[in-house]
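I have placed the structure first, in the form of structure tokens, so that the comments after it can refer back to it.
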Amino acid sequence: MIQDWLAARRAGEEQAPEAIQAFVSGVVSGEVTRAQAAAWLAFVFCRGMSPTETVALTRAMTDSGISLSWPGITGPFIDKHSTGGVGDKVSLVLAPLWAELGLRVPMLSGRGLGLTGGTLDKLESIPGYTTDLQPERLHAILEEVGCFINGQTEEIAPADRILYALRDETCTVESIPLITASILSKKLVEGIERLVLDVKWGSGAFMKTREQAQALADSLVEVGNGAGVQTEAHLTDMTQPLGLKIGNALEVEEAVDCLRGQGPEDLTELCVLLSGEGERAREILRSGAALPRWEQMVRAQGGDPAAPLHGAGCEVEMVPAPASGVVQRCDAGELGWAAHRLGAGRTRAGEAVHFGVGLVLQAKRGDEIQAGAPLVEIRHQGGRGLEEARSRAIQSFDIV
């Protein structure tokens, strides 16, 4: 049977949902060996999958573990997923904003890898904040607060964990059907009715071109809707960072500023766009009305919203502008790697991150600046990565 699945996949033949379900079940049970699973992934990478097959793969991966449900709680239930970017702290703002708008937000998030930060890493810079709560506690928080942001347990979509590790080992990550199934399988378990996707493109994103991002967005929307969840996608620019702060605790600070009505314009406007509520959402952010909801969520998950964030006390170095003029380029990729070298990110899963290090931008694209004026503030710990971060920060700007 397994040989038949592999032969069909290698030939590019359409596989029935039952065959895909059986394959995924075999991956989880061990009946399908790592070598066989790796071969199947390679054939998908080369041959692709139809939308019907991608829906079947997504459902099978979703059903490979537990799913969450919210009996006794009135929806609508909604969540958001971003494909990752530099300075992207939207989830921290959008969850309490949506809750303030009357929606229920059961948000499961992940950790950072490479140049993009992870939502859980940012939240864990808050003293006491817990990201491994069990479903019973999540149900109580969702009912009481209207939102939570928690980690994904090992029981959720275990097939994705196995297949993603194999994709990483076999260089088959960059396959739109496999990316689609991986993203959606971890969202469809949340018991949501609506999903909003932020598909980023540019130097600080996984998809480097708008065309690549559009192809992924189209696949995610088609498969998400095909799996029974109302799904929409927005393409957003990640050629420069989102907001002014890059780094775990720094991004929490900026998210709280946004909830107070004092956030940078680009962050505020993206949160308004993704909320789908236009002027109503903008007014809530402007007035600070969602801030108490954020504080309530933090306390419900064990954190202290009034306590100093972990990582305080970093050393500060200011990088001056090398010339006078208008900033023409503020490269998100270079700045993301600069923060990574300081210790804000990780290269391998399981590595620790430093909560306090990072960058605070003093200018972005379109801003006028004088030579010698502050351009980037670097927060570092004992000089770790400072030289490379300084070099990358300078290289990331074109001033004319």
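Values for this structure:
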| quantity | calculated |
| --- | --- |
| Relative contact order (percent, whole number), region 315-399, Cα cutoff 8 Å, 6+ residue spacing | 49 percent |
| Estimated translational D of region 89-151 in µm²/s (Stokes, Kirkwood radius over Cα pairs; 4 °C; 1.567 mPa s) | 107 µm²/s |
| For region 174-192 versus region 153-172, the gap between their alpha-carbon centres in whole angstrom | 12 Å |
| Spread of Cα-to-Cα distances over 5 Å intervals beginning at zero, given as percent, for region 3-147 | 2, 8, 14, 14, 13, 14, 13, 12, 8, 3, 0 |
| Extension gain (nm, one decimal) between Arg365 and Val326, 0.36 nm per residue minus Cα-Cα | 13.3 nm |
| Between helix 135-144 and the chain: long-axis angle, C-alpha atoms, 0 to 90°, nearest 10 | 50 degrees |
| Extended-chain gain in nm, criterion 0.36 nm per residue less alpha-carbon gap, Gln3 and Ala140 | 44.7 nm |
| Stokes-Einstein D for region 104-233, Kirkwood Rh over Cα pairs, 10 °C, 1.306 mPa s (µm²/s) | 99 µm²/s |
| Low-density loop cleavage sites - GluC sites (Glu not before Pro) in region 1-46, where at most 16 other Cβ are within 10 Å (DSSP) | Glu13, Glu14, Glu31 |
| Contact order relative to length of the chain, as percent, for alpha carbon pairs under 8 angstrom and 6 or more apart | 19 percent |
| Alpha-carbon centroid distance for the pair region 80-144 / region 338-400, whole angstrom | 24 Å |
| Rg/Rh (Cα only; Kirkwood hydrodynamic radius) as it applies to region 52-124 | 1.02 |
| Where the Cα pairs of region 315-399 fall when distances are cut into 10 Å bins, in % | 20, 50, 24, 6, 0 |
| Crossing angle, helix 291-300 versus the chain [Cα axis fit, 0-90 degrees, rounded to tens] | 60 degrees |
| The chain: angle of helix 386-395 to the longest principal axis, Cα-based, in degrees nearest 10 | 90 degrees |
| All-pairs alpha carbon distance profile, the chain, 10 Å steps from 0, percent | 5, 22, 31, 25, 13, 4, 0 |
| Pairwise FRET efficiency - Gln214 versus Thr33, Cβ, R0 = 51 Å, nearest 0.05 | 0.90 |
| For region 6-42 versus region 198-256, the gap between their alpha-carbon centres in whole angstrom | 30 Å |
| Where Cα atoms sit under 15 Å apart: lysine pairs in the chain separated by 8 or more or lying on different chains | 10 |
| Listed residues Cys46, Cys314, Cys330, most fluctuating in the chain (Gaussian network, C-alpha, under 10 Å) | Cys46 |
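Bear in mind that the values in this text are calculations on the coordinates, not laboratory data. Everything numeric in this text was worked out from a predicted model, so none of it was measured. Cβ: placed from backbone, ideal geometry, glycine included. Neighbour counts: every protein chain shown.
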